[in-house]
Amino acid sequence: MRILVVEDDSVLADGLKVGLGLHGATLDVVASCADGDAALATDEFDAVVLDVMLPDGSGLDLLASLRAKGERIPVLLLTALDEVPDRIKGLDAGADDYLGKPFDLDELAARVRAISRRQQGRASSYVSYNGVTLDVARLTAAVDGNAISLSRREFAILSALMDRPGIVFSKSDLEARLYGWQEEIESNTVEVHVHKLRGKIGRSKIETLRGIGYRMRTASS
Amino acid sequence: MNSLKHKLFFILVVTTGLIWLAATCWIYVGTTREVENVLDSRLQEAARMVLSLASSNDVGSFQKDSIAHADELLTYEHQLSCQIWSLDGRLVARTSGAPDESLSDNRTGFSERTIQGEKWRVFTAEDPAKNVRVLVGDRLGLRKTFVADIMRGLLAPLFLIIPLLAFLIWASLNRGLRPLQTLAEDLRRRNVDDLTPLKTRDIPVEIQPIVSSLNNLFKKVKEAMRHERDITAFAAHELRTPLAGLRTQAQIAMTAPDENIRKTALSQILFAVDRTTRLVRQLLTIARLDSESDAPLKSVNVGDVVEEVIDALPMSDKNADVTIDPVLRNTIVRANRESLLLAIRNLHENAVRHMPQPGTIRWSSETTEDATTVLVEDSGPGIPREELALVTNRFFRGRNRSSLGSGLGLSIADLAVRTSGARLRLRNRDDISGLRAEMVWDIRSPQRPANAAHTSRPYWVRVWLRMSGRSKISEAPCP
């Protein structure tokens, strides 16, 4: 899961990056509305954690302009103003959830997972497809009921493929999911992870379309 | 009850009544005179008529029937009485209502006489040629009754009209004062927080000034409240964000499996605690400046203070290349030394914090006839034009923010400079990129605001805030 954090406080931003990283997410952090807008225009994210009071304006304005552009990405507002009227204002501006500072890191992670899975049309944290079951909240996986252990990157690739089974993900799509901006990407790393994944969940579960990308193989084919 | 409507009603009814009364008196006097004139000429007329009738006959031949004739002529509602006397004092004839006694002693003309307790008004005409004297009179009592009847006729409708008039006055007042009532009702029904402007359409000219000044007041209070809310919001943000950072980092330190992540988290916690400590120190400084603003002003050597500030700086803030113009040693200002020290320290820290290394900071002063100016110039990025007016607002953090800042430095500097009896002027340098902060002591007008912390808020705003239970916020901008 790739998340964009728009927060200008360096300590909190660092805490979110590391903390949500521990919960299996890949994070990119920007410190202003303008940077947030630019990041959303160039990259794909599963969710946005947005601070309201930013140096170059209000996060609410950024949110409203995103919604006006038709951007449907789930947004969680993070703010020091958590009185009822503020919360109503935030939700009405197009936020999917609202969390007042200070907050519990685990709760934030759970809420981010919740808004992003609702975006994908799922109501629970379990994803199941063709005998493979993922628990996105606990970062665990099972094949035909037998638990298997996956690395963070392997889990990220598998959950990306299983979020939209049947859809082909190119190598660069998957790389974008795996790595934030500052992270170094090795050229064959996706191939390596997919290879390892196949070893753990079974060769036939992931299909390679040569020159295009990967997808989950349907049960019938 | 002090009611405008009741007062107006009372005034209108009383004045109308008085005018009616005056008019009635006037009519009474006028009518009485007129009635007298008319009746007098009737007496005269009648006397002459009887005299002319009598003239054609000898006095001696007057018969009862001629008297009866006269009687018929003169007994118009039996008001007039007539006597015909011979000049030698013999009663020749009289009408039935007339007394036997002579009505008058007068030879000719008008006279008044009381006969048997009744006052008579009499006209006497005589004709020596015919040996006849005719006296025609009427009772004054009857005249008075006649005038009273006329007055009664005039006054009777008045007593009917007065209640009607009162009712009409009351109704008109209600109608006329309705805009005031509507305004009062509108204000009474209003929530204390409701500061929407009153509608100005269809408002009479007389209360237009009230409505527009109320609307003006509402606007100003609204702005003051919004400012107040902004400060609260900024304060909440600046205080809660570091706490959120601390909590997050603490949770990471507790749960991270990796030793390195834990160590990084702990160092972040230390950093955040340092920063929050600075924030708390600044808030306490503001509170102190707010309360100390009326400390006495003394002559202070600015050069000494600047040196003291720079000597006391922590090592981390000494990287900049600092120049102190020698002229500062001879610059003496009237200031509160503690506040001046705070102002200089905050301006210096602000310069250091916002400057890329290595930078230069230069302290100097300029003295003219009008003012003494102590100024500090740095080689940092300066302040964007549109933010210049905002940077002294509490918790305002501009685009060129430092990671350690909380948006209080310049607002403390501003407050401290004002407490030192000067004013702070910020502008970007003309020669190179950088900020030029000036503390200006005006020589011509050495007055100092009584309470520098609160002068920005007018008296009535404070009163309003206190009335609507916001005094806590207004007295302590940083909850």
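The table that follows gives values for the structure above.
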| read-out | value |
| --- | --- |
| Any hit, region B:190-201, residues being surrounded by fewer than 12 Cβ atoms within 10 Å (Cβ to Cβ), part of a helix (DSSP H, G or I) and more than 14 Å from chain A (Cβ to nearest Cβ) | no |
| Members of region A:76-91 that are within 15 Å of A:L62 (Cβ to Cβ) and either more than 14 Å from chain B (Cβ to nearest Cβ) or in a helix (DSSP H, G or I) (or both) | A:K89, A:G90 |
| Enumeration of residues in region B:343-395 that are modelled with pLDDT of 80 or more, surrounded by 19 or more Cβ atoms within 10 Å (Cβ to Cβ) and basic (K, R) | B:R345 |
| Lone unmet requirement of (1) surrounded by 22 or more Cβ atoms within 10 Å (Cβ to Cβ); (2) within 14 Å of chain B (Cβ to nearest Cβ); (3) modelled with pLDDT under 90 for A:M1 | (2) |
| Identity of the residue in region A:1-49, within 16 Å of the chain's Cα centre (by Cα) and among the hydroxyl-bearing types (S, T, Y), that ends up farthest from B:A244 (Cα to Cα) | A:T42 |
| Matching residues, region B:352-380, being small (G, A, S) and over 49 Å from the mean Cα position of the chain (by Cα) | B:G359, B:S364, B:S379, B:G380 |
| Considering residues of region B:123-168 that are small (G, A, S) and touching a strand residue (DSSP E or B) at 6+ places or on another chain (Cβ under 7 Å) only, the residue nearest to B:Q79 (Cα to Cα) | B:G137 |
| Members of region A:46-77 that are within 30 Å of A:E154 (Cβ to Cβ) and modelled with pLDDT of 90 or more | A:A47, A:V48, A:V49, A:L50, A:I73, A:P74, A:V75, A:L76 |
| Selection within region B:133-174 - of a type outside the set (A, V, I, L, M, F, W, C) and assigned to a helix (DSSP H, G or I) | B:G141, B:R143, B:K144, B:T145, B:D149, B:R152, B:G153, B:P157, B:P163, B:S172, B:N174 |
| Residue count for region B:130-145, restricted to those that are over 16 Å from B:S41 (Cβ atoms) and either free of Cβ contacts under 8 Å to residues at least 12 places away in the same chain or of a type in the set (K, R) (or both) | 5 |
| Residue tally, condition small (G, A, S), closer than 17 Å to B:V38 by Cα and surrounded by 13 or more Cβ atoms within 10 Å (Cβ to Cβ), over region B:108-127 | 1 |
| Any hit, region B:425-435, residues being hydroxyl-bearing (S, T, Y) and at pLDDT below 80 | no |
| Which listed residue, of A:V30, A:V84, A:V11, is within 26 Å of A:L174 (Cα to Cα) and of a type in the set (V, I, T) | A:V30 |
| When residues of region B:333-342 are limited to those that are in a helix (DSSP H, G or I) and surrounded by fewer than 21 Cβ atoms within 10 Å (Cβ to Cβ), the one modelled with the highest pLDDT | B:L341 |
| Residue satisfying all of: in region B:128-149; surrounded by 16 or more Cβ atoms within 10 Å (Cβ to Cβ), over 21 Å from B:D100 (Cα atoms) and not basic (K, R); nearest to the chain's Cα centre (by Cα) among these | B:V147 |
| Hey, B:F218 away from chain A (no Cβ under 14 Å), aromatic (F, W, Y) and loosely packed, with under 15 Cβ neighbours inside 10 Å or not | no |
| Selection status of A:D82, under 14 Å from A:L99 (Cα atoms), in contact (Cβ under 8 Å) with a residue 12 or more places away in the chain and surrounded by fewer than 21 Cβ atoms within 10 Å (Cβ to Cβ) | yes |
| Meets criteria (surrounded by fewer than 19 Cβ atoms within 10 Å (Cβ to Cβ), under 19 Å from A:K205 (Cα atoms) and touching a residue at least 12 places away in the same chain (Cβ under 8 Å)) for A:S125 | no |
| Test result for A:S116, closer than 14 Å to A:D46 by Cβ, among the small types (G, A, S) and surrounded by fewer than 16 Cβ atoms within 10 Å (Cβ to Cβ) | no |
| Of all residues in region A:92-104 being over 20 Å from the mean Cα position of the chain (by Cα) and more than 9 Å from every other protein chain (Cβ to nearest Cβ), the one that is surrounded by the most Cβ atoms within 10 Å (Cβ to Cβ) | A:A93 |
| Residue pairs meeting the criteria (Cβ under 6 Å; at least 6 apart or on separate chains; first within 14 Å of another protein chain (Cβ to nearest Cβ) and surrounded by fewer than 17 Cβ atoms within 10 Å (Cβ to Cβ), in region A:54-75; second aliphatic (A, V, I, L, M) and in a helix (DSSP H, G or I)) | A:D56/A:A34 |
| Index of the failed condition, B:V322 passing every other in (1) loosely packed, with under 15 Cβ neighbours inside 10 Å; (2) assigned to a strand (DSSP E or B); (3) of a type in the set (A, V, I, L, M) | (1) |
| Flag if B:L408 is buried (at least 19 other Cβ atoms within 10 Å of the Cβ) and either at pLDDT 80 or above or of a type in the set (A, V, I, L, M, F, W, C) (or both) | yes |
| Complete set of residues in region A:13-53 that are at the interface with chain B (Cβ under 9 Å from one of its Cβ atoms), touching a strand residue (DSSP E or B) at 6+ places or on another chain (Cβ under 8 Å), crowded, with 24+ Cβ neighbours inside 10 Å and part of a helix (DSSP H, G or I) | A:L16 |
| Residue within region B:230-241 that is of a type in the set (D, E, K, R), more than 10 Å from every other protein chain (Cβ to nearest Cβ) and farther than 23 Å from A:L50 by Cα present | no |
| Whichever residue in region B:179-208 is acidic (D, E) and either in contact with a strand residue (DSSP E or B) (Cβ under 9 Å, 6 or more places away or on another chain) or farther than 26 Å from B:M225 by Cβ (or both) and, among such residues, is modelled with the highest pLDDT | B:E206 |
| Qualifying position, being of a type in the set (G, A, S) and touching a Pro at 6+ places or on another chain (Cβ under 8 Å), among B:A343, B:A272, B:A295, B:A265 | B:A272 |
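The values are calculated or read from the model by the stated rules, or taken from the named source; none is laboratory data. This one's a predicted model, so the numbers in the text were calculated from it and none came from an experiment. No Cβ is skipped: glycine too gets one built from the backbone with ideal geometry, and neighbour counts run over all protein chains shown.
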